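Right, one structure below, let's go through it.
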Amino acid sequence: MTLSSPDALRVANRRGILAMSAGTASFVVNDTMVKVVSASLPAAQLIFVRGAFATLLLLAVVHAMGASRQVGLLRNPRLLMRGSLDAVATMTYLTSLFHLPIGEATAINMATPLFITAFAVLAFKERVGAGRWLAIAAGFTGVLLIVQPSGAAFNAYALLCWAVRCCTRRATSRRATSIRASLPSSSR
């Protein structure tokens, strides 16, 4: 039995929703584990162990997807630049996370689209319509209502690192899939 086009679209949409939900949940679990472990483990050691596990997991996913056959694309200078900036951004974010309550760290993490969009408008002269700005503002307001962070917790380092990390994705080669582009920065 083959699925008709509307049925296939519904299945793909459900799969996408589940993948986004699982991804968001994994960020929350990761940040929570980092916050708990940071009380007893030095920052550099924690970042190294986290990076080692992330690299192993990502290598398994890359291999399972068959993307390991195109390892040569990892030598792309833009991917290497992105990996380097991503490593610095992640270290900055994790350092900020060590000093922030988890609620504020989550709010900063979830505010990423607002700051990425603003940075892309300024740095790349991207055009963003009023509808998208309204959607971003509504999402950010929802995050603030749920998390209720204090204003003092918005650490400039955390905001900058997420903006740099996500905007470097814009400069990445169009041929690089998301999974291949993530590999150079997985060891962060």
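What follows is calculated from the coordinates using simple rules that are stated; it is not laboratory data. Predicted, not measured: the structure shown is a model, and the values here were computed from it. Cβ sites come from the backbone with ideal geometry, for glycine too, and all protein chains shown count toward neighbours.
Numerical summary
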| item | result |
| --- | --- |
| Relative packing of 72-85, 17-30, 130-143, 94-107, which averages over residues the other C-beta atoms within 10 Å, highest first | 94-107, 72-85, 130-143, 17-30 |
| For the range 1-117: span of alpha carbons on each principal axis (Å, largest first) | 55, 36, 29 |
| Mean-position separation - Cα centroids, the range 72-90 and the range 127-147, in angstrom | 29 |
